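In what follows, a single structure is set out as structure tokens and then discussed.
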Amino acid sequence: MGLKRLSPRAMPALIIAANLPDIDSWVAPWLGLSPRTFHRGFTHGIGGLVTMPFLAVAIIWIWEKLRPGKDGPLRLGGLLLACFLGVLSHPALDFLNTYGVRLLEPFSHRWFYGDTLFIVDPWIWIMLILGLEASWRAERLGREWTRPAIYAFCALLGYIGVNAAISARAVEATRPQVQRLGGLQMIVAGEVPLEFWKRQVMWRAGKLAGTADYDAFRNVARLNPRTVLLNLDDPRLAAAARTDRDVCNFLFWSRMPLVIDIDGRAYLSDQRFPALRHTTFMVPLDNH
């Protein structure tokens with residue numbers, strides 16, 4: 001869209017800066033921390049916005065010293081702006097799914113959830129790749145090359161807005177049906193890969209948890225008959241939470257915790273990620 005004009009090396013700076021926040025999962029084990037718990041925290045919040053752009057600038061500056069480019073000296077002000085925008089893009093997109101991000105770190109550990117886009121959305125990739133290729137082609141032909149990228153970016157913003165509206169409508173369509181069960185606690189619109197017009201809505205009411213299927217074209221939410229018990233009053237959970245660091249870390253990260261029993265063994269899991277398919281999101285309560 002023209003940001004590479006800010007400084008020589010601005011484009012690689014944008015790419016590096018946009019990926020830097022995920023360094024937390026790599027650093028966490030060195031600090032003796034759980035990658036799942038540490039992920040999407042400091043580097044994705046205010047702390048990251050203050051520090052990561054300078055780290056990205058340092059990387060580019062060192063690279064430029066070792067292998068000087070042909071486009072002249074770096075413009076540090078423009079390079080820093082590019083790195084800030086690149087870093088900002090990362091938590092902004094991470095916020096848009098049900099996994100969540102701690103935007104206020106290190107001042108607050110609160111999680112924020114956008115419930116808008118699936119964590120890997122192929123439609124976004126298609127829009128950005130087409131915009132990038134059209135921009136490159138226009139540049140090779142000597143035409144106005146920022147316009148295709150701007151169009152793709154506007155399409156992306158529109159797509160995000162449409163998906164946010166679908167998620168909000170899915171929650172509202174599900175709410176009356178769950179309220180009839182009594183004790184409504186939470187309704188979350190879970191995104192569906194590829195079929196962005198659909199949602200798998202997760203709900204919790206009283207001691208029960210379940211799902212509903214929502215289709216934006218029909219504007220109908222259908223509750224699935226299968227429900228599970230939350231089992232959060234299981235004494236094994238209370239005991240493990242006092243002594244097991246993995247359980248404490250999981251509870252800090254979890255948005256929709258529940259206790260499930262598999263072959264006579266109790267596990268702490270999260271309703272957003274079905275345990276039988278995602279063993280990463282299961283913690284045994286008897287792991288002493």
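Quick notes on this structure:
- Those residues of the range 42-54 which are surrounded by 23 or more Cβ atoms within 10 Å (Cβ to Cβ) and in contact (Cβ under 8 Å) with a residue 40 or more places away in the chain, in sequence order: H44, G45, G48
- Lone qualifier among D261, D244, D234 - being more than 14 Å from M202 (Cα to Cα), of a type in the set (D, E) and surrounded by fewer than 17 Cβ atoms within 10 Å (Cβ to Cβ): D261
- Cross-chain or 6+ apart pairs with Cβ under 6 Å, the range 140-152 first and under 10 Å from M1 (Cα atoms), then assigned to a loop (DSSP other than H, G, I, E, B): T146/M1; T146/G2; A149/M1; I150/M1
- Verdict on A155 being touching a residue at least 40 places away in the same chain (Cβ under 8 Å), more than 12 Å from M1 (Cβ to Cβ) and not assigned by TED's automatic domain parsing to the domain that holds K4: no
- Selection from the range 27-55 of residues that are in a helix (DSSP H, G or I) and among the hydrophobic types (A, V, I, L, M, F, W, C): V27, A28, W30, L31, F38, F42, I46, L49, V50, M52, F54, L55
- Look at the range 226-248: where a residue is touching a residue at least 12 places away in the same chain (Cβ under 8 Å) and under 26 Å from P35 (Cα atoms) and a partner is in a helix (DSSP H, G or I) and among the charged types (D, E, K, R), sitting 6+ places away or on another chain with Cβ atoms under 9 Å, you get A240/D246.
- Members of the range 228-265 that are assigned to a strand (DSSP E or B) and within 26 Å of W111 (Cα to Cα): V228, L229, P257, L258, V259, I260
- G131 vs. criteria under 25 Å from I150 (Cβ atoms), buried (at least 19 other Cβ atoms within 10 Å of the Cβ) and assigned by TED's automatic domain parsing to the domain that holds L6: no
- Criterion violated by V188 - all others in (1) among the aliphatic types (A, V, I, L, M); (2) closer than 30 Å to Y159 by Cβ; (3) more than 18 Å from the chain's Cα centre (by Cα); (4) surrounded by 15 or more Cβ atoms within 10 Å (Cβ to Cβ) satisfied: (3)
- Of the residues making up the range 85-117, those that are crowded, with 19+ Cβ neighbours inside 10 Å, part of a helix (DSSP H, G or I) and more than 8 Å from the chain's Cα centre (by Cα) are G86, V87, H90.
- Among residues of the range 40-70 being among the charged types (D, E, K, R) and more than 17 Å from L14 (Cα to Cα), the one that is farthest from the chain's Cα centre (by Cα) is K70.
- Qualifying residue in the range 105-123 (condition: out of contact with any helix residue (DSSP H, G or I) (no Cβ under 8 Å at 6 or more places or on another chain) and more than 28 Å from F38 (Cβ to Cβ)): yes
- Between K4, K70, K65, the distinction of being modelled with pLDDT under 95 and within 23 Å of A152 (Cα to Cα) belongs to K4 only.
- Among the residues listed as L14, L93, L79, the single one being at pLDDT 95 or above and either aromatic (F, W, Y) or under 27 Å from F252 (Cβ atoms) (or both): L93
- In the range 159-186, the residues that are more than 26 Å from W123 (Cα to Cα) form Cβ pairs under 7 Å with partners that are of a type in the set (K, R) and modelled with pLDDT of 95 or more, at six or more places apart or across chains, as follows: Q185/R204; M186/R204.
The values are calculated or read from the model by the stated rules, or taken from the named source; none is laboratory data. Not measured: the values here are computed from a predicted model. Because the Cβ atoms are built from the backbone with ideal geometry, glycine has one as well, and the counts that use them run over all protein chains shown.
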